[in-house]
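As structure tokens, the structure follows; a few thoughts come after it.
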Amino acid sequence: MTKVLAVELSDSKKLSGDTKMGEVFFKRFTFNQLVQHWVMIGSFMALVVTGMPVKFPDTWWSPVIINLVGGFEMRTQIHHAAGITMVVLGVYHIVFHLFVDKDPLSERKVWPTIKDAKDFWQTIFFYLGKAEQPKFGRYSWKEKFDYWGAFWGMVMLCVTGLILMFPFQAMNFIPYAYVHLATIIHTDEALLATLFIFIVHWWNVHYSPEVFPMSKAWITGNLSEEQMKHEHPLEYEEIMRQMAEKNEP
Amino acid sequence: MSSTSSLRTKKKYVLITIIAFFLLISVVSAQQDVSCYHCHTTVVDEFRNNIHYEMGFSCADCHGGSEGSNSSVISSNVMSGNFIGKPTRSHITDICSKCHSKEAEDYKQSIHWDAIKKGHPEAATCTDCHGVHEIRAISDNKSSSNHQNSPATCAKCHSNTEIMSAWYYGIKTDRMDTYKESFHWKALSNGYSIVATCADCHENHITKSHTDPTSTTYIDNLPGTCGKENCHPDVKFDADIAAGLVHDKESLHTGELVFNKSGLTTQMKAYYLGPFDLAFWIAEFFKYLTAGVIGAFTGMVILDCLSRFKLKKRW
């Protein structure tokens, strides 16, 4: 099993620089997905830094951050630029996966399944020491929740963000009161997203002892065979089965 | 021995006397330009920051009396002729209007002047916004009627429940609090001053009630007010601005179910979907969503941490 099997399945030609001789890597994310994630990180962090001081204007750190980023007007401009970047990213993501990606929609592995609900309970029992760790496929229930949570957040924040950025144009279609509602949705959803990313997502990909200081998948797009076996055993078995079939005849 | 020492002491006294004399001269002459200083020190100190002082006006220009007299003459001379002394609140406008006729004319159309005419002298007059003796130019950052100081100046009375209820019950005292929820204030308080403050919407001198059809804040006039040249021009929006509260605040949305909305204002009605006040219920929804999601997942992270003490190796 020292042949570089998994790479044959991926669309990447090269392995990352930290490849050891004979080590097998599994393609986790395509370069396209990596770039989307990088743009997301950049715009998200800029939006949090320039947005939270306005959500909490009376805190001591609010004016500190606003001064650090170059004053209130600059804060607004950074927030708007990063916001537009995120809207473009969201539109690109949807267009790509609806029209460019040729896999049938129903066969995408990202849809929630009954197994995910079972895995959810099994995970809790596993934490309590009363069950085995559930065997995950390509995406675990946590990863699916991350994805759909971000999807929901993107829709909420992009729509309300555009309303807040162009309130008077929006008022041609909605009453003024709804601009206030957009403010509530925008800031509350932003707080939820920030807390979720900083606590839950970063635990999964940064702080958790398995990956600390971080899972390099977000840079290289690859997982090691060891990681693959333990984090996505079902997918690992499936790949191995396909490889065996391929090699037989 | 002793004679030299007493001579030295004498010399010292003479020197001190000379220095004291010139000091006194310089101090007195420095105050000479305002004759009333010797008695009304505090007032004149304030007056020295007054734009009128810089332009060469004197006490007598507002208070009347003899201009020629000064400190060396007793006050009976000062108070001669057309001396007014402290003008009554309803009389202040007459004094300012001697020069500022346009402003006084505008002011006399305002609800503030209406109230004074009706016998409520505590209603705002010139000095409440511009200062009494320390009247600074509008462009001066320290002026109380300066653009960015306008919220604080108006709030002096309009956030004061005693003043607001003393002469007319029903004036809302939450106007400053509700303004603070707006983006205008959040920008202003962070030093971005090109945003609307009180006078930009309510007018500075022709301040009228929002129920007055000629008021800039009357529902039908709001599009024009918001769309002013320096604010949000070239923006087409109809009376939709009236379908919502300009002075909005979380506490105004109590979540009480309202089935008969005939008692609500047009602004308030816009927030309702059926009997539900959306501003309340959306905030409520996010409160529980955030607490639920973050609570559940943080619990999971904690469980994950704790489980590591039991299981030596995960994989």
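The values are calculated or read from the model by the stated rules, or taken from the named source; none is laboratory data. Predicted model, so just to flag it, every value in this text is computed and none were measured. Don't worry about glycine lacking a Cβ; one is built from the backbone with ideal geometry, like all the others, and counts go over all protein chains shown.
Only one of the numbered conditions (1) within 21 Å of the chain's Cα centre (by Cα); (2) within 11 Å of chain B (Cβ to nearest Cβ); (3) within 29 Å of residue B:251 (Cβ to Cβ) is not met by residue A:159, and that is (2). As a summary of the residue check, residue B:297 satisfies the conditions (1) at the interface with chain A (Cβ under 8 Å from one of its Cβ atoms); (2) under 30 Å from residue B:226 (Cβ atoms); (3) aromatic (Phe, Trp, Tyr) except for the one numbered (2). Taking the listed residues A:248, A:235, the one that is among the charged types (D, E, K, R), buried (at least 18 other Cβ atoms within 10 Å of the Cβ) and either within 30 Å of residue A:165 (Cα to Cα) or away from chain B (no Cβ under 14 Å) (or both) is A:235, with no other qualifying.
Note on segment A:21-65: among residues that are closer than 30 Å to residue B:180 by Cα and not in a helix (DSSP H, G or I), the one that is nearest to the chain's Cα centre (by Cα) is A:56.
Okay, residues lined up against (1) assigned by TED's automatic domain parsing to the domain that holds residue B:205; (2) modelled with pLDDT of 90 or more; (3) closer than 26 Å to residue A:50 by Cα:
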| residue | (1), (2), (3) |
| --- | --- |
| B:153 | yes, yes, no |
| B:160 | yes, no, no |
| B:168 | yes, no, no |
| B:174 | yes, no, no |
| B:179 | yes, yes, yes |
| B:189 | yes, no, yes |
| B:194 | yes, no, yes |
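The number of residues in segment B:193-237 that are over 24 Å from residue B:113 (Cβ atoms) and either touching a Lys or Arg at 6+ places or on another chain (Cβ under 7 Å) or within 14 Å of chain A (Cβ to nearest Cβ) (or both) comes to 13. Return yes when residue A:192 is within 12 Å of another protein chain (Cβ to nearest Cβ) and touching a Ser or Thr at 6+ places or on another chain (Cβ under 7 Å) and no when it is not. In short, yes.
I'm trying to understand the selection: among the residues of segment B:160-212, which are surrounded by fewer than 17 Cβ atoms within 10 Å (Cβ to Cβ), under 20 Å from residue B:123 (Cα atoms) and among the polar types (S, T, N, Q)? Across segment B:160-212, the qualifying residues are B:160, B:161, B:165, B:173, B:209, B:211. In segment A:71-90, is there at least one residue being in a loop (DSSP other than H, G, I, E, B) and either within 14 Å of chain B (Cβ to nearest Cβ) or surrounded by 14 or more Cβ atoms within 10 Å (Cβ to Cβ) (or both)? No: segment A:71-90 contains no residue that is in a loop (DSSP other than H, G, I, E, B) and either within 14 Å of chain B (Cβ to nearest Cβ) or surrounded by 14 or more Cβ atoms within 10 Å (Cβ to Cβ) (or both). Could you tell me whether any residue of segment B:126-143 is part of a loop (DSSP other than H, G, I, E, B), hydroxyl-bearing (Ser, Thr, Tyr) and modelled with pLDDT under 90? Yes: one or more hits.
If you take just the helices (runs of 4 or more DSSP H) that sit entirely in segment A:133-240, which of them hold at least 1 residues that are closer than 25 Å to residue A:81 by Cβ and of a type in the set (S, T, N, Q)? Because the criterion is at least 1 residues that are closer than 25 Å to residue A:81 by Cβ and of a type in the set (S, T, N, Q), the helices (runs of 4 or more DSSP H) in segment A:133-240 that meet it are A:141-165, A:167-170, A:176-195. Exactly one residue out of B:115, B:124 is in the same structural domain as residue B:195 (by TED's automatic domain parsing), within 20 Å of residue B:97 (Cα to Cα) and touching a His at 6+ places or on another chain (Cβ under 6 Å), and it is B:124. In this structure, is residue B:68 modelled with pLDDT of 65 or more and either part of a loop (DSSP other than H, G, I, E, B) or out of contact with any Asp or Glu (no Cβ under 8 Å at 6 or more places or on another chain) (or both)? No: the conditions fail for residue B:68. Considering only residues that are more than 9 Å from chain A (Cβ to nearest Cβ) and not in a loop (DSSP other than H, G, I, E, B), look in segment B:174-187 and name the one that is farthest from residue A:72 (Cα to Cα). By that ranking, first place goes to B:175.
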